[in-house]
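Read the structure below first, then the notes.
The values are calculated or read from the model by the stated rules, or taken from the named source; none is laboratory data. Nothing here was measured: the structure is a model prediction, and the numbers come from that model. Note: ideal-geometry Cβ built from the backbone for every residue, glycine included; neighbour counts use all protein chains shown.
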Amino acid sequence: MAKLSISLGDKVTIKSENIFNLLNALRNAGYSVMGPTIRDGAIVYDELTAIEDLPIGWTDEQEGGVYRIKKRLDNAFFGFNVGPHSWKKFLFPSSLRLWHAEKNGSAFQILPENNDPPKFAFIGVRACELHAIEIQDKVFMNGSYIDPAYKSRREKAFIVAVNCGQAGKTCFCTSMKTGPKVTAGYDLSLTEIIEDAIHYFLVEVGSAKGAEILNQVPHEAAESKDTEAAERIVEETAKNMGRTLDTSNIKELLYNNYDNPRWDDAANRCLSCSNCTMVCPTCFCTTVEDVTDLKGENSERVRKWDSCFTVDFSFIHGGSIRSSVRSRYRQWLTHKLASWIDQFGTSGCVGCGRCITWCPVGIDITEEVKAIQDQVTS
Ligand code: SF4
Ligand code: SF4
């Protein structure tokens, strides 16, 4: 195989088995390699120690409140859609100790935290997820207040994106203009091509460090037939979105419908379990807990993911601002699709569909918006 020297913007092909070399090159460069793998009947994100850790030959079926994995008829490496995890679990961990202290005589001494997190390489980041990372970048490191824990993880991260070769039944990235093709924010992007029993990847180089890694992987120059095959795959995916969301005037629609009876309807079904916020790749709310041991000698402060669906989340002196499920569901949906735009300049939703799939009662953000739209236009 002819080995070319690669630079930013180049397109090459690699054989499917050479994903092994890509993972090795990343490990040799000091990255902890994280990617999709099967655990407890779901495709989750965890450390990949071998190519066999990928869900090779598996896919998923998703619907409102439904998720299951099943075998595919081929050996695709990335033949599934997003699962319950998102990359925020690495960049913005669900539990993070902010400081700890030990009793030293009659006083407490605050001890330094390890501020040197691993250098992560993320394998298989989808277009919607790249947009979600971009949104969290804005929240955690591009505003007035910078989160050092997020920034130190994010700045070191290496991203291997994957163009989606199929759309899930709860996906609506085309409506949110976040996919299915990755356009920016990656070091390398892959399109998996399986044609006539030939299994390979078209690889696009998005950064100088992407080129440096790819130069260590056996590859060939891409031909027009390869780029055309990749384009066909993404076009087909875009045509097969499981859901759609009409975003025209959505901010005004939601701001003008605080009292719409549909909120009662959703509240009657919603369990206020907070699943939708835990799985959402853009949700960023946290709470802080202070803990001491029983002897009173060690103390620590821990930041944990929180959710606007809990009563405590909006608790101030005298009680909770959002004491009803109706007000909490309305707050979540209106923030995602309307006030997020005022706050951060984009929607807070990337159309990944996780909140639909992982809602135990199958409440569907696209259906709720449509119900309000239909009432307003009828
Ligand atoms: S609101 Fe739902 S569909 Fe939108 S990004 Fe969050 S989990 Fe995905
Ligand atoms: S919308 Fe669904 S997932 Fe979200 S809090 Fe309500 S029941 Fe739970």
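Please determine, by comparing only the residues of the stretch 333-351 that are hydrophobic (A, V, I, L, M, F, W, C) and over 16 Å from residue 252 (Cα atoms), which one is surrounded by the fewest Cβ atoms within 10 Å (Cβ to Cβ).
Ranking the qualifying residues of the stretch 333-351, first place goes to 344.
When the stretch 303-320 is examined, which residues are found to be closer than 15 Å to residue 271 by Cα and in a strand (DSSP E or B)?
None; the set is empty.
Would you confirm whether or not the stretch 346-369 contains a residue that is without any contact (Cβ under 8 Å) to a residue 60 or more places away in the chain, more than 18 Å from residue 95 (Cβ to Cβ) and basic (Lys, Arg)?
No, the stretch 346-369 contains no residue that is without any contact (Cβ under 8 Å) to a residue 60 or more places away in the chain, more than 18 Å from residue 95 (Cβ to Cβ) and basic (Lys, Arg).
Quick test of your reading of the structure: residue 313 fulfils all but one of (1) buried (at least 18 other Cβ atoms within 10 Å of the Cβ); (2) away from ligand 2 (no atom under 13 Å from the Cβ); (3) over 22 Å from residue 364 (Cβ atoms). Name the failing condition by number.
Against the list (1) buried (at least 18 other Cβ atoms within 10 Å of the Cβ); (2) away from ligand 2 (no atom under 13 Å from the Cβ); (3) over 22 Å from residue 364 (Cβ atoms), residue 313 comes up short only on (2).
Just need a number here: residues in the stretch 269-312 that are within 23 Å of the chain's Cα centre (by Cα) and either of a type in the set (Phe, Trp, Tyr) or at positive phi (or both).
5
What's the total number of residues in the stretch 127-168 that are in contact with a strand residue (DSSP E or B) (Cβ under 9 Å, 6 or more places away or on another chain) and within 13 Å of ligand 1 (Cβ to nearest atom)?
5
More than 12 Å from ligand 2 (Cβ to nearest atom), of a type in the set (Ser, Thr, Tyr) and more than 23 Å from residue 259 (Cβ to Cβ): is that true of residue 299 in this structure?
yes
Please verify whether the stretch 352-365 includes one or more residues that are near ligand 1 (Cβ under 10 Å from one of its atoms), at positive phi and surrounded by 13 or more Cβ atoms within 10 Å (Cβ to Cβ).
Yes: the stretch 352-365 contains one or more residues that are near ligand 1 (Cβ under 10 Å from one of its atoms), at positive phi and surrounded by 13 or more Cβ atoms within 10 Å (Cβ to Cβ).
Conditions tested, residue by residue: (1) surrounded by fewer than 20 Cβ atoms within 10 Å (Cβ to Cβ); (2) modelled with pLDDT of 95 or more.
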{"position": "82", "(1), (2)": "no, yes"}
{"position": "93", "(1), (2)": "yes, yes"}
{"position": "101", "(1), (2)": "yes, yes"}
{"position": "108", "(1), (2)": "yes, no"}
{"position": "116", "(1), (2)": "yes, no"}
{"position": "121", "(1), (2)": "no, yes"}
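Look through 339, 323 and report the one residue that is in a helix (DSSP H, G or I) and of a type in the set (Gly, Ala, Ser).
On the way: 323 fails: in a helix (DSSP H, G or I).
Result of the check over 339, 323: 339.
Out of 244, 277, I need the residue that is in a helix (DSSP H, G or I), outside the structural domain of residue 165 (by TED's automatic domain parsing) and touching a Ser or Thr at 6+ places or on another chain (Cβ under 7 Å). Which one?
None of the other options fit; the residue is 277.
Is it the case that some residue within the stretch 184-207 is in contact with a Phe, Trp or Tyr (Cβ under 8 Å, 6 or more places away or on another chain), assigned by TED's automatic domain parsing to the domain that holds residue 63, among the small types (Gly, Ala, Ser) and surrounded by fewer than 24 Cβ atoms within 10 Å (Cβ to Cβ)?
Within the stretch 184-207, one or more residues are in contact with a Phe, Trp or Tyr (Cβ under 8 Å, 6 or more places away or on another chain), assigned by TED's automatic domain parsing to the domain that holds residue 63, among the small types (Gly, Ala, Ser) and surrounded by fewer than 24 Cβ atoms within 10 Å (Cβ to Cβ).
For the structure I just gave you, tell me whether residue 287 is crowded, with 17+ Cβ neighbours inside 10 Å and either touching a Lys or Arg at 6+ places or on another chain (Cβ under 9 Å) or of a type in the set (Val, Ile, Thr) (or both).
no
Quick test of your reading of the structure: residue 346 fulfils all but one of (1) at pLDDT below 95; (2) under 28 Å from residue 80 (Cβ atoms); (3) of a type outside the set (Phe, Trp, Tyr). Name the failing condition by number.
It fails just one condition, (1).
Of the residues in the stretch 280-302, how many are among the small types (Gly, Ala, Ser) and part of a strand (DSSP E or B)?
1
Just one of 259, 264, 290 is over 30 Å from residue 193 (Cα atoms), within 16 Å of ligand 2 (Cβ to nearest atom) and charged (D, E, K, R); which is it?
Criteria check complete, one pass: 264.
Name, by its number, the condition in (1) surrounded by 18 or more Cβ atoms within 10 Å (Cβ to Cβ); (2) β-branched (Val, Ile, Thr); (3) under 28 Å from residue 359 (Cβ atoms) that does not hold for residue 69.
Failed condition: (1).
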